[in-house]
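Down below is the structure, laid out as structure tokens.
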Amino acid sequence: MTIRGAGAERVFITGASSGIGAALAAQYAAQGATLGLLARRSAVLDQLIASLPNPERHRAYAVDVRDHAAIDAAAQDFLAYAGGIDIVIANAGISVGTLSEFAEDIPVFEAVIATNVVATAATFAPFIPAMKAQATPARLVGIGSVAGIRGLPGAEAYSASKAAVISYCESLRLELKQHGIRVVTICPGYIDTPMTQINPYPMPFLMPVQKFAVQAARTIASGSSYRVIPWQMGIVAKVLRMLPNWLYDLAFGKAPHKPRQHNPSNKDGA
């Protein structure tokens, strides 16, 4: 049985227990949405839901996004509970430095790709048939990154994964347009979350996560296909795309590195 207000959206978010995911949950809950919130940490999810308006409407799913069967089960449960779906946000991700010269970083590379790329597709997959079948329009939202525009030194896995998310969402957008399903790609710049707070270098245009969530929700509502947030980083991204390799290499060859981590867990953020 569905418990949601008339006209309220049904929103499913992965990586929901902290950072961008938690901020988006708060943003949509304030708008009266019914939420399906998925992350690894059950206790943290329960605390988040208790802090939201109308906590009785929302469902928590303690799932690692690399467990595709568990994602599918959570999606089917939420579809049955909410009576359909309006927005799916694949937000879960790992941000960690990797260097291919070190053998111990190869499993880290695999974990980043599995979490940031493959899990995005696994999150969308169970919702697409339902979106095609329902009368109301729906949106799939992939969280890319400015780091996916050009490869950054020391962030081989992360840059590769976010570039893949951007291209994947573009392919999916073309595929699903005929079915009235919109695919939105949002590329955050530096957003103030636990994931970025470990970065040991200056972060230009650092944006509070609550402000990011407001702008992201507006972008999703508009159905825009692609947006960089904050807008200043959008300008930076356009410039980076245009730079020839020799100039880009000169400008970023000695850029600071993300910290390496040999055994990253699946982080609940983007």
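The numbers here are math on the coordinates, done by the rules we state, and not lab data. This one's a predicted model, so the numbers in the text were calculated from it and none came from an experiment. Ideal geometry is used to build each Cβ from the backbone, glycine not excepted, and the neighbour counts take in all protein chains shown.
Using the per-residue mean of other Cβ atoms lying within 10 Å as a proxy for protection, in what order, highest first, do the peptides 58-68, 30-40 fall? Provide the component values of the computation, followed by the final result.
Values: 58-68: 20.1, 30-40: 23.3.
So the peptides 58-68, 30-40, ranked by packing, come out 30-40, 58-68.
Given 162/258; 211/258; 238/258, which pairs have Cα atoms separated by over 20 Å? It would help to have the intermediate numbers written out before the result.
On the way: 162/258 15 Å; 211/258 24 Å; 238/258 23 Å.
Cα-Cα > 20 Å for 211/258; 238/258; rest within.
Going by a ≥ b ≥ c, the root eigenvalues of the Cα gyration tensor, does segment 108-195 fall in the rounded group (a/c under 1.5), the prolate group (a/b larger than b/c) or the oblate group? Could the numbers behind the result be given before it?
Details: a/c = 2.30, a/b = 2.06, b/c = 1.12.
In terms of gyration-tensor shape, prolate.
Are there any GluC sites (Glu not before Pro) in segment 48-132 that are in a DSSP loop and have at most 16 other Cβ atoms within 10 Å? List them by number. Don't skip to the answer; put the middle values down first.
Numbers: sites: 56, 101, 104, 110; in loops: 101, 104.
For GluC sites (Glu not before Pro) across segment 48-132 that sit outside H, G, I, E and B with at most 16 neighbouring Cβ atoms in 10 Å, the list reads 101, 104.
Which percentage, to the nearest 5, of the DSSP beta bridges contained in the chain is antiparallel? Working shown, then result.
Values: 1 of 32 bridges.
Once the DSSP bridges in the chain are tallied, antiparallel ones form about 5 percent.
Which residue, chosen from 83, 152, 184, occupies the Cα position most advanced towards the positive end of the dipole of the chain, where the dipole is computed from +1 (Lys, Arg) and -1 (Asp, Glu) charges on Cβ about the Cα centre?
184
Please list, or write none, the lysines whose alpha carbon is within less than 23 Å of the alpha carbon of residue 132, excluding same-chain residues fewer than 8 places away.
The qualifying lysines are 177.
With θ set to phi - 60°, apply the Karplus curve 6.51 cos²θ - 1.76 cosθ + 1.60 along segment 191-198 and write out the HN-Hα couplings as whole Hz, x wherever there is a Gly or Pro.
The phi angles translate into 10, 6, 9, x, 5, 8, 5, 8 Hz.
In a GNM of the chain with a 10 Å cut-off on Cα contacts, which of 99, 24, 45 has the highest mean-square fluctuation?
Result for the chain, Cα springs under 10 Å: 99 fluctuates most.
When Lys and Arg each count +1 and Asp and Glu each count -1, what net charge do the other residues less than 14 Å away from residue 151, Cβ to Cβ, add up to?
Working: positive: 150, 162, 241, 258; negative: 156, 249.
So the surrounding residues net to +2.
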